[in-house]
Amino acid sequence: MKPLSHLQKLEAESIHIMRETVATSERPVMLYSIGKDSSVLLHLALKAFYPSKLPFPLLHVDTTWKFREMIEFRDETARRLGVDLIVHKNEEGIKAGVGPFTSGSRLHTDVMKTEGLKQALDKHKFDAAFGGARRDEEKSRAKERVFSIRTAQHRWDPKSQRPEPWRLYNTRKRPGESFRVFPLSNWTEADVWDYIALEDIPVVPLYFAARRPVVERDGALIMRDDERMDLLPGERVENRMVRFRTLGCYPLTGAVESEAATLDDIIAEMRSSRVSERQGRVIDHDSSASMELKKQEGYF
Amino acid sequence: MNTAVAPLDLARADVVASPDSVNHSLLRFLTCGSVDDGKSTLIGRLLYECGAVFDDQLGALDNDSKKFGTQGAELDFALLVDGLSAEREQGITIDVAYRYFATPRRSFIVADTPGHEQYTRNMATGASTADLAILLVDARKGLLVQTRRHAFIASMLRVRHIVLAVNKMDIVGFDKSVFDRIVRDFENVSRTLGFTSIAAIPVSAKDGDNVARRSSRAPWYRGPALLEHLETIDVDAGQANDAAFAMPVQWVNRPDLDFRGFAGTIASGLIHPGDEVRVLPRGQRSHVARIVTYDGDLAHARAGQAPVLTLADEIDVSRGDLLVGASSRIASGSTITAQVFWTVETPLRAGQRYLFKLATFETQAEIAALHHAIDVNTYKPAAAETLPMNGFGVVTIRLDKPAVFADYADSKELGGFILIDRFNNDTVAIGLIGSNAAPQETAETAAKKVRWPLWLERKIGVAGTEQRAVFMRRASTDAASAIPLTAAVYVASGSIVTGVAVAALDLALRPIIRLYASRAMQRWRKRQDDLNADGGGI
């Protein structure tokens with residue numbers, strides 16, 4: 001009998017991880033960030049628990065700076081699949097006027113994303129949260145466990161990680177502690193797109209090339225998604241054929257010039273690309289160890 | 001945001017060809033070797049040559065190379081893979097890091113594991129899921145104590161395929177005699193370790209010789225480059241395909257009163273609707289009604305797939321139970337002999353109690369006895385009262401309730417377990433059921449033993465291996481059957497010479513008949529498999 005293909009193996013592994021989480025936690029939740037990885041994660045969850053409905057809600061931490069198309073896609077997805085969706089916004093941050101333009105990318109991410117996430121997890125007492133992070137994205141993620149234990153303050157300690165042999169996960173935790181669980185740990189960007197194509201999984205249209213209003217700023221192409229983005233002297237909005245490799249807050253996510261308007265085009269473009277997908281993310285560039293620091297502070 | 005890209009005079013595939021996602025296969029391997037053997041450099045090189053390193057990462061690498069690098073002005077590929085701050089500062093790999101790259105034929109998951117003895121547990125973790133291990137040896141230094149340790153740990157975790165990558169061949173001028181001596185030494189070390197295949201390759205990770213492409217600098221080497229070997233090796237060959245069905249129940253799927261299914265990942269074997277199953281440990285019998293998946297019911301499911309099974313009868317099944325095929329001989333019991341890697345600073349002592357987790361089964365357990373420690377460098381047993389962190393030893397564990405388990409040698413899923421501290425929830429041990437997995441002799445004594453010529457040993461197996469055991473069993477059955485045959489022919493023909501001659505002819509012909517019979521059998525099995533094969537489940 002021919003061996004399982006590599007996508008079949010990855011799929012089975014992710015399903016196994018999700019079931020293990022649900023079987024051993026009290027209040028699981030899925031962090032839903034609306035991007036392609038979240039789309040795959042959600043699709044795998046539907047498979048893992050079929051014919052039951054999802055035994056957990058989706059949680060979206062809304063920084064209020066997401067692309068409008070992402071929010072539409074999020075609400076449409078929740079409606080189409082009939083899943084519970086919790087949307088959390090850091091109201092304190094909003095009151096304090098925190099945003100990427102006024103506060104800088106670092107503070108904005110800390111307050112609206114990391115703080116917002118912690119608030120939501122604490123408020124609902126979630127003890128296990130699925131995330132779509134992959135180990136191939138970034139060096140410190142390459143060393144993170146599938147079941148990544150966090151203290152009651154949501155901190156990650158890279159030095160006290162538990163060994164994870166075989167597919168045997170230690171899911172024990174003390175009261176107050178929680179897990180971030182990464183079912184896509186062993187997937188790559190290419191695997192995600194191949195799987196989306198194979199399984200015909202819907203993704204946000206922003207991944208496909210179209211004419212969009214962009215501003216060139218600090219070497220990145222930023223899409224002016226609403227009026228909150230003021231133009232600096234000398235800047236002008238151009239309608240260019242662009243698409244996004246990753247999706248986050250629109251002022252912090254650089255577009256790439258591209259003609260790739262179909263899945264096949266995207267896959268072909270990705271395979272010939274010479275830059276990593278996170279290259280367009282403004283927050284990763286502070287220093288090579290910046291993701292490790294952010295994760296220690298509780299970032300997903 | 002624009003990143004400076006260091007000029008490189010290396011050819012690199014501009015486009016990684018799109019794989020056929022349905023037939024694309026996966027190989028998991030681990031790399032081991034110490035800091036100075038150039039392990040991280042080798043992985044960095046593989047990633048780079050397969051196009052898995054991007055320009056912005058190279059830009060960051062260029063910065064890091066100047067800050068932390070050990071290669072002077074050149075790019076230090078090791079920095080691509082050492083991710084944690086502490087590792088970058090100390091220039092060593094502490095934790096297992098997983099890396100990913102793909103070629104048009106295969107995807108690869110690399111467990112990059114630390115070489116130091118104080119990180120043995122991390123190597124054991126990396127080895128647990130690996131199909132193959134690359135052992136790196138520095139050509140100038142030859143086999144070191146750590147090479148023996150890595151080979152041993154790989155063997156314990158049942159990594160069946162080894163690549164002996166003799167690195168830094170550029171520094172020794174690609175001297176064939178240096179390579180040959182190291183290969184010979186490794187043959188002696190690995191004789192008792194039961195590897196299915198060993199491929200020795202002379203490489204220079206720094207310059208790329210024999211990594212992604214064959215090098216002209218070692219014309220005497222006629223084998224494949226490392227990448228070619230990784231792309232083509234058949235790691236499923238020689239594995240038992242006929243293992244009995246077993247699936248640990250992970251989660252009971254109960255959307256409403258009309259549906260009750262059992263979700264899990266199949267550990268071994270094949271299952272069809274209608275097949276009889278037993279639920280262990282209690283032993284209730286039923287039949288599989290349906291194999292349910294999101295993509296529709298399946299006509300069969302096999303090891304590695306994660307379906308939901310429904311049964312024909314209403315019987316009590318819960319997480320931790322094991323569904324097995326009717327023919328399964330798997331045993332249950334409360335006393336387990338096992339080898340353990342100890343992973344925490346508080347040492348192992350007899351009398352301590354822990355949580356025991358095997359597949360989806362959990363119970364409390366006590367370490368009833370520590371029989372002895374095993375030195376992972378010399379493979380020798382040593383009397384011990386305790387096992388320190390990264391120690392390895394043989395223990396007896398008494399479970400509070402009986403578990404269903406197999407020898408690790410027969411099933412990683414049902415023979416591998418972890419022990420968990422009940423108070424701080426640390427994983428304290430990685431355990432392998434069965435005490436015979438350890439080599440029964442040291443390499444020194446093995447070297448002194450009588451050795452058959454290599455061609456003969458390939459036929460009859462090396463002493464102490466499964467192949468030799470099978471050969472010896474067959475040889476003794478054959479010999480035993482020759483005696484009555486001699487007697488029968490003697491009685492019938494009246495000539496003892498004829499009797500002995502017929503029996504001798506019979507003995508000589510049997511292996512030939514067996515060979516042809518097994519080939520015919522393989523062909524038949526393959527045809528059956530081809531008929532059954534489908535792409536269902538994805």
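Read-outs throughout are calculated quantities, based only on the coordinates presented, and are distinct from any laboratory measurement. Small disclaimer: the values here were computed from a predicted structure and weren't measured. Cβ placement follows ideal geometry from the backbone for every residue including glycine, while neighbour counts extend to all protein chains displayed.
Here the Gaussian network model covers chain A, with springs between Cα atoms less than 10 Å apart; of A:Thr102, A:Thr64, A:Thr253, A:Thr102 fluctuates the most. Debye-formula intensities of the stretch B:348-392, expressed as log10 I(q)/I(0) at q = 0.21, 0.22, 0.24 Å⁻¹, are -0.78, -0.81, -0.88 (one equal scatterer per alpha-carbon, no solvent).
Hey, with R₀ at 22 Å, roughly what FRET efficiency would B:Arg290 and B:Ser327 work out to, going by the Cβ-Cβ distance, to 0.05?
Using R0 = 22 Å, I get an efficiency of 0.55.
So for chain A, averaging the separation of alpha carbon pairs under 8 Å that are six or more residues apart and normalising by length, what relative contact order in percent results? The normalised contact order for chain A reaches 20 percent. Residue order for A:Lys113, B:Lys401, fewest other beta carbons within 10 angstrom first, comes to B:Lys401, A:Lys113.
If Lys and Arg each add +1 and Asp and Glu each add -1, what is the summed charge of the other residues whose beta carbon sits under 15 Å from the beta carbon of B:Val277?
+1
With equal scatterers on the alpha carbons only and no solvent term, can you work out the Debye log10 of I(q)/I(0) for the stretch A:85-195 at 0.13, 0.14, 0.21 1/Å? Normalising to I(0) and taking log10 leaves -0.61, -0.71, -1.22. With a 10 Å cut-off around each Cβ of B:292-304, the average count of Cβ atoms from other chains is 3.
Work through the residues other than B:Gly325 whose Cβ is under 15 Å from its Cβ and net out their charges, Lys, Arg +1 and Asp, Glu -1. That sum, taken over residues with Cβ under 15 Å, equals -2. Using alpha-carbon positions, what is the distance between the centroids of the stretch B:181-222 and the stretch B:366-419, in Å? Value for the Cα centre distance between the two parts: 33 Å.
Taking other C-beta atoms within 10 angstrom as a stand-in for reagent exposure, B:Ser332, B:Ser318 fall in the order B:Ser318, B:Ser332, fewest first.
Centre-to-centre separation between the Cα atoms of the stretch A:61-139 and those of the stretch A:238-254: 18 Å. Peptide A:45-51 has a mean of 6 when you count, residue by residue, the C-beta atoms of other protein chains within 10 Å of its C-beta. Take B:209-216, B:175-182 and order them by the average number of nearby Cβ atoms within 10 Å per residue, most first; the result is B:209-216, B:175-182.
With a 10 Å Cβ neighbour count serving as the proxy for reagent exposure, in which order, fewest first, do A:Lys159, A:Lys118, A:Lys47, A:Lys53 appear?
A:Lys159, A:Lys53, A:Lys118, A:Lys47
Sum up the charges of everything whose Cβ sits under 15 Å from the Cβ of B:Phe259, counting Lys and Arg as +1 and Asp and Glu as -1, but leave B:Phe259 out.
Taking every Cβ under 15 Å from that of B:Phe259, the sum is -1.
Once you've got the Cα coordinates, tell me which of B:Lys39/B:Lys206; B:Lys176/B:Lys206; A:Lys95/A:Lys123; A:Lys113/A:Lys173; A:Lys47/A:Lys125; A:Lys89/A:Lys125 are over 21 Å apart. Those over the limit are A:Lys113/A:Lys173; A:Lys47/A:Lys125.
Please report the antiparallel percentage of DSSP beta bridges with both residues in chain A, rounded to the nearest 5.
60
Would you mind telling me which residue in A:Asp200, A:Asp225, A:Asp191 has the biggest mean-square fluctuation in a Gaussian network model of chain A, where springs connect alpha carbons within a distance under 10 angstrom? Answer for the Gaussian network model of chain A: A:Asp200.
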